[in-house]
Amino acid sequence: MDKVIIKTDLAPAPIGPYNQAVKAGNMLFASGQIALNPATGELVNANIAEETNQVMSNIAAILKEAGAGFNNIVKTTIFLSDMSLFAEVNEIYGSYFTGDYPARETVAVKGLPKNVNIEISVTAFI
């Protein structure tokens, strides 16, 4: 099985020793995305809605580069700075799918990179 590194300028460049995503066989493993604007490198975090939409936009760009879309996602992990954000994040997250939702867990964590409120990673098939 070949391992292929997925990289796009339409999602933020990694800020550490990892890749945006790795394709192995017909599976895609995308690293956690935070609300960095790929064009400016600036955080998009005026509110949790804006932050969540930027995260989902970054995920969309990585999926597209790999030849996939949200319908290809089989598993997501959502990390939140506080579970009080869950309802609003859940509503926005759900709007990116057409009803055939992936498996998921959502957890609150003590801290996230750059002190963001949300990070999402996905696993998809291609």
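With respect to residue 95, determine if the residue is without any contact (Cβ under 8 Å) to a residue 24 or more places away in the chain, over 21 Å from residue 9 (Cα atoms) and either surrounded by fewer than 19 Cβ atoms within 10 Å (Cβ to Cβ) or in contact with a Gly (Cβ under 6 Å, 6 or more places away or on another chain) (or both).
Details: without any contact (Cβ under 8 Å) to a residue 24 or more places away in the chain: yes; over 21 Å from residue 9 (Cα atoms): yes; either surrounded by fewer than 19 Cβ atoms within 10 Å (Cβ to Cβ) or in contact with a Gly (Cβ under 6 Å, 6 or more places away or on another chain) (or both): yes.
It is true that residue 95 is without any contact (Cβ under 8 Å) to a residue 24 or more places away in the chain, over 21 Å from residue 9 (Cα atoms) and either surrounded by fewer than 19 Cβ atoms within 10 Å (Cβ to Cβ) or in contact with a Gly (Cβ under 6 Å, 6 or more places away or on another chain) (or both).
Among 98, 52, which is part of a loop (DSSP other than H, G, I, E, B) and among the polar types (S, T, N, Q)?
On the way: 52 fails: part of a loop (DSSP other than H, G, I, E, B).
None of the other options fit; the residue is 98.
From the list 30, 11, 21, pick out the single residue that is more than 21 Å from residue 103 (Cα to Cα), modelled with pLDDT of 95 or more and in contact with a helix residue (DSSP H, G or I) (Cβ under 6 Å, 6 or more places away or on another chain). Walk me through how you get there before you give the answer.
Values: 30 fails: more than 21 Å from residue 103 (Cα to Cα); 21 fails: more than 21 Å from residue 103 (Cα to Cα).
Of the residues listed, the single one that is more than 21 Å from residue 103 (Cα to Cα), modelled with pLDDT of 95 or more and in contact with a helix residue (DSSP H, G or I) (Cβ under 6 Å, 6 or more places away or on another chain) is 11.
Of all residues in the stretch 23-43, those satisfying the criterion of being surrounded by 21 or more Cβ atoms within 10 Å (Cβ to Cβ) and in a loop (DSSP other than H, G, I, E, B) are 34, 35.
Hey, any hits in the stretch 115-123 for a residue that's touching a Phe, Trp or Tyr at 6+ places or on another chain (Cβ under 9 Å) and exposed (fewer than 12 other Cβ atoms within 10 Å of the Cβ)? Within the stretch 115-123 (the criterion being touching a Phe, Trp or Tyr at 6+ places or on another chain (Cβ under 9 Å) and exposed (fewer than 12 other Cβ atoms within 10 Å of the Cβ)), the answer is no, since none of the residues qualifies.
Candidates are the residues of the stretch 15-35 that are within 21 Å of residue 70 (Cα to Cα) and without any contact (Cβ under 8 Å) to a residue 40 or more places away in the chain; the one that is farthest from the chain's Cα centre (by Cα) is 25.
Restricting attention to the stretch 64-81 and to residues that are part of a helix (DSSP H, G or I) and among the polar types (S, T, N, Q), the residue that is nearest to residue 98 (Cα to Cα) turns out to be 71.
Looking only at residues in the stretch 1-22 that are of a type in the set (Val, Ile, Thr) and part of a strand (DSSP E or B), which one is farthest from residue 86 (Cα to Cα)? Talk me through it step by step, then tell me what you get.
We begin by selecting, within the stretch 1-22, every residue of a type in the set (Val, Ile, Thr); these are 4-6, 8, 15, 22.
Within this subset, residues satisfying the condition of being part of a strand (DSSP E or B) are 4-6, 22.
Values: 4: 33, 5: 32, 6: 29, 22: 28 Å.
Applying the filter and picking the extreme gives 4.
Filtered by the rule that a residue be in contact (Cβ under 8 Å) with a residue 12 or more places away in the chain and either more than 19 Å from residue 106 (Cα to Cα) or crowded, with 19+ Cβ neighbours inside 10 Å (or both), the stretch 44-55 gives 45, 48, 51, 52, 54, 55.
If you check 46, 61, 124 for being at pLDDT 95 or above and not in a strand (DSSP E or B), only one passes: 61. Listed by first and then second residue, the pairs linking a residue in the stretch 57-71 that is under 9 Å from residue 124 (Cβ atoms) to a residue that is assigned to a helix (DSSP H, G or I) and of a type in the set (Phe, Trp, Tyr), with Cβ atoms under 8 Å apart and 6 or more places separating them unless they lie on different chains, are 63/70.
Of all residues in the stretch 65-87, one or more are hydrophobic (A, V, I, L, M, F, W, C), over 13 Å from the mean Cα position of the chain (by Cα), buried (at least 18 other Cβ atoms within 10 Å of the Cβ) and under 20 Å from residue 49 (Cβ atoms).
The values are calculated or read from the model by the stated rules, or taken from the named source; none is laboratory data. Treat the numbers as computed from the prediction; the structure is a model and nothing was measured. Every residue, glycine among them, receives a Cβ derived from its backbone with ideal geometry; neighbour counts consider all protein chains shown.
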